[in-house]
Number of protein chains: 2
Amino acid sequence: MPDRRPKVVILGGGFGGLEAARTLRRAEVDITLIDRQNHHCFQPLLYQVATAALSPADVAWPIRHILRLQQNATVLMADVTGIDTQQRQVHTDSGDLPYDYLVIATGAMHSYFGHDEWSEVAPGLKRIEDATRIRRSILIAFEQAEIMADPDEQRRLLTFAIVGGGATGVEMAGAIAEIARQTLAADFRRIDPRSARIVLIEAGPRLLPAFLPVQSDYVRDTLTRAGVTVMTDTMVMKCDARGVDLDSGRLDASTTIWAAGVVASPAARWLSAEADRAGRVKVGPDLSAPGHPNIFVIGDTAAVSDSKGRPIPGIAPAAKQMGQYVGKLIAARVTGRASTKPFRYMHLGDLATIGRHAAVVKFGTLRLKGFIGWLFWSVAHIYFLIGLRNRFIVAFSWFWSYLTFQRGARLILARPAEAPQER
Amino acid sequence: MPDRRPKVVILGGGFGGLEAARTLRRAEVDITLIDRQNHHCFQPLLYQVATAALSPADVAWPIRHILRLQQNATVLMADVTGIDTQQRQVHTDSGDLPYDYLVIATGAMHSYFGHDEWSEVAPGLKRIEDATRIRRSILIAFEQAEIMADPDEQRRLLTFAIVGGGATGVEMAGAIAEIARQTLAADFRRIDPRSARIVLIEAGPRLLPAFLPVQSDYVRDTLTRAGVTVMTDTMVMKCDARGVDLDSGRLDASTTIWAAGVVASPAARWLSAEADRAGRVKVGPDLSAPGHPNIFVIGDTAAVSDSKGRPIPGIAPAAKQMGQYVGKLIAARVTGRASTKPFRYMHLGDLATIGRHAAVVKFGTLRLKGFIGWLFWSVAHIYFLIGLRNRFIVAFSWFWSYLTFQRGARLILARPAEAPQER
């Protein structure tokens, strides 16, 4: 192709897709990045939006603003409906786009293990809208409990169930405990917010299985002291609008939060490619889809193993590394150089925060906990936040919360579907 | 009533209701403040949320947090459905509440002059939800224009109609012009955001009729230079999803914003009291409802005139003054002192900003415009913002926008009704 610049289409503006686009900034290609949202969402801090500590705009940034100075990149807000690998075209709800190279970085969504109807009553935490929905549910539960005369119903309203003891579940449980015990403590007259029950439910034998057992024990103790009821080896049988059925009995709750599992976006179906149990495309050593050397699948959508055969976790650094690898590979191919070096994942570490002053860190050989762990966690997250402005605002919000125990974004916004038009 | 503390029920946590509650903080009364929202909204800055400069949480604050240290005040989030003046009870969707004194401060909503169906296609700007809806509409118009091939449709998408040339209309027009000309200027590849048409439509002969004619001329000139098309003496005949019919012809637009008129909340109906054309209750000199010396109507819900017979405008300082007056009056009555001094309104001034560096101020004998006016406007608004934290964040956000021309809250959030559950 002497005259025409190769077309690179990237699906998804998350960590992987954005990194692929940025890595190609000096390449002689025309990049089109397509996302259904106009913003990149910094998912690791989404739980802080759900717990009213940060505003949505503090953890999200318009994709086209991030790429505004990269002249070889065009950003389109559209829904991908399919891929024609024969004609090399991406179908969207706004028309078709031809590609020479395709990067699929469409991420994952929550998996309810065959019970999709639970998503109505037990939202997960993937998008900004999920976070504001959960924030609304938590805050409104306290409001309704203040009005409620029936003590049983009051108790149900003040019970919060979190399903899944990974990093998101632990962070949500710690943050809700903080809201109940500190933020709201003085704000009500009829109820005592400190009596709220926060129940963290984990099917496996311990919290945070990616960490060391001694760290899991520390997290469990810290959460328990903060007022969280931790239930391990406990299965959820059913979720409904008024609570969850556990294998150990019924738990009535106002809010159920799903942090138990994810399934990849439908890339495997688009490509008619083989997928693993979580729906992820089994890619080759260069992250290309089987039989499609010009189509790459990265991030949570790809099933990749590290050099020791262990699956690569669905976390931001992994997605970024894959995006960078594919960006470099395409840049090399375009100039005629062949890059045959396989993708190699470098695990930086694991971080999870439990709340004020407490976090666990497993970083190389480094093991941290408590206040030092929390400081490490804070600095790492602020450092990786995109956009200078957001770093300032997030740092300031945290410092402020730290001093005052307050949370700045305690808004209950009507869901427009149920909002009356004229009042 | 020797043993029982008198019950004061306040309906509405806006400027008037909140000020009434605070004024009663040392009175021997039990206050219950009821609002359908959990937050007090700083309406004068709502247009900045609608134009992506501030986050919702920057201009709103939980009512119960504001009153958390005032032990004689209880805050309930509930919907008022009616008032029984015989039994002295307020009916809400969560039960009945008895009162000895009632303060009605339920504000106003947009008036579509008998065309309520226009509210679907031409939202006003009263609630946080209105602001995020308008923000979504403006930002998505640019996104769709970038995808659109048809030039006529592209032109329609990049046309924004604002109905009403008062302070809100002027501020919205100035802010949208700034978004198109500066914030988004470099972010698109296929469209030039600077080609957007912003049309400000006013039925009367000039913008900002509360100001001096020379100030109206200044505002018109400044807006025109900023790229706004100002149409005075122009009537809107009909609003639909694709634009507005004017008496001078058709204007196709992607977004129509209604800033043309308000009507009071249904307090007059609840009380079977006489109302003026805007639905406001005609109150006595002590702001009590006719025939109900223990029921007071304040803020945008009341029709009051100043000492010269001119109607008191529906602005925050007027509502606050009425709230303070009624609070003092109830505090006096409770201790047996009779306060017969009628309410007296003190007009502080009028402020309106046109955008970066430009505002008009009419404050006592003071007349300001341009940069000095804008500084005065900024300081006044930050000063009146509730909550120390919000002052910091708003000041920082403005300073940042001023330096960078950027806006921090450019989020398009799905309206949950149309959001797919699982993607």
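Readers should treat all values here as calculations from the given coordinates under stated rules, not as data from a laboratory. Source: prediction; values computed, not measured. Neighbour counts are summed over all protein chains in view; Cβ atoms, including those assigned to glycine, are modelled from backbone coordinates with ideal geometry.
Data overview
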| item | result |
| --- | --- |
| Under the Debye formula (equal points on every Cα, no solvent term), log10 I(q)/I(0) of chain B at q = 0.06 Å⁻¹ | -0.26 |
| FRET efficiency, 1/(1 + (r/R0)^6) with R0 25 Å, evaluated for A:D116 and A:Y383 via beta carbons | 0.10 |
| Long-range HN-HN contacts of B:L246 with modeled amide H, under 5 Å | B:M237, B:L251 |
| Kirkwood Rh, angstrom, region A:118-263 [1 / mean 1/r, Cα pairs] | 15.3 Å |
| Gyration tensor (Cα) of region B:19-105, equivalent ellipsoid semi-axes in angstrom | 28, 16, 10 |
| Residues of region B:1-30 with amide N under 19 Å of the 7 Å Cα→Cβ point at B:K328 | B:15-29 |
| Dipole magnitude of chain A, debye to nearest 20 (Cβ charges: Lys/Arg +1, Asp/Glu -1, about Cα centre) | 1460 debye |
| Hydrodynamic radius by Kirkwood, which averages 1/r over all alpha carbon pairs of region B:259-395, in angstrom | 17.0 Å |
| Dipole magnitude of region A:38-136, debye to nearest 20 (Cβ charges: Lys/Arg +1, Asp/Glu -1, about Cα centre) | 460 debye |
| Whole-angstrom gap from region A:170-202 to region A:1-31, using each part's C-alpha centre | 46 Å |
| Residue among B:A149, B:A303, B:A331 with the largest mean-square fluctuation in a Gaussian network model of chain B, springs linking Cα atoms under 10 Å | B:A149 |
| Inter-site label distance for B:K238 and A:R250 at 7 Å from Cα along Cβ, in nm | 5.6 nm |
| J(HN,Hα) series, region B:131-140, from Karplus relation 6.51 cos²θ - 1.76 cosθ + 1.60, nearest Hz, glycine and proline x | 5, 6, 5, 5, 4, 4, 5, 5, 5, 5 |
| Rg to Rh quotient for region A:22-71, alpha carbon positions, Kirkwood Rh | 1.10 |
| More than 49 angstrom apart: percent of Cα pairs within the protein assembly as shown | 23 percent |
| Between 0 and 90°, nearest 10: helix B:213-225 axis offset from chain B longest Cα axis | 40 degrees |
| Order of A:C41, B:C239 under a 10 Å beta carbon neighbour criterion, fewest first | B:C239, A:C41 |
| Label geometry 7 Å along the beta-carbon vector: A:F399 inter-copy distances in nm | 1.1 |
| Region B:277-292 - phi-based ³J(HN,Hα) in whole Hz, Karplus 6.51/-1.76/1.60, Gly and Pro as x | 4, 8, x, 7, 6, 7, 9, x, x, 9, 6, 7, 6, x, x, 10 |
| Under 21 Å from the Cα of B:K362 - lysines, other chains or at least 8 residues apart | B:K308, B:K320 |
| Principal axis box of region B:58-97, alpha-carbon based, largest edge first, Å | 39, 23, 15 |
| Alpha-carbon spread of region A:235-308, three principal axes, descending order, Å | 51, 30, 16 |
| Karplus (6.51, -1.76, 1.60) ³J(HN,Hα), θ = phi - 60°, over region B:300-311, in Hz, Gly and Pro reported as x | 5, 7, 10, 9, 10, 10, 7, 4, 9, x, 7, x |
| Volume in Å³ per residue [convex hull over Cα atoms, computed for region A:198-340] | 152 Å³ |
| For the protein assembly as shown, size of Cβ-based charge dipole, Lys and Arg +1, Asp and Glu -1, in debye | 2660 debye |
| Whole-Å distance, taken between Cα centres, linking region A:340-379 and region A:40-79 | 23 Å |
| Estimated translational D of region A:111-203 in µm²/s (Stokes, Kirkwood radius over Cα pairs; 37 °C; 0.692 mPa s) | 233 µm²/s |
| Chain B: angle of helix B:388-404 to the longest principal axis, Cα-based, in degrees nearest 10 | 10 degrees |
| Estimated FRET transfer efficiency when R0 is 25 angstrom, pair B:T340-B:T365 (beta carbons, to 0.05) | 0.20 |
| GNM top mover of B:G284, B:G323, B:G124 - chain B, alpha-carbon springs below 10 Å | B:G284 |
| Acute angle (nearest 10 degrees) that the helix B:370-384 long axis makes with the longest principal axis of chain B, alpha-carbon atoms | 40 degrees |
| Over region B:1-153: Kirkwood hydrodynamic radius from C-alpha pairwise inverse distances, Å | 17.9 Å |
| Surface/4 estimate of mean projected area, convex hull on alpha-carbon atoms of region A:78-146, nm² | 6.9 nm² |
| Built amide H within the under 5 Å cut-off of A:G124, gap 5+ | A:W258 |
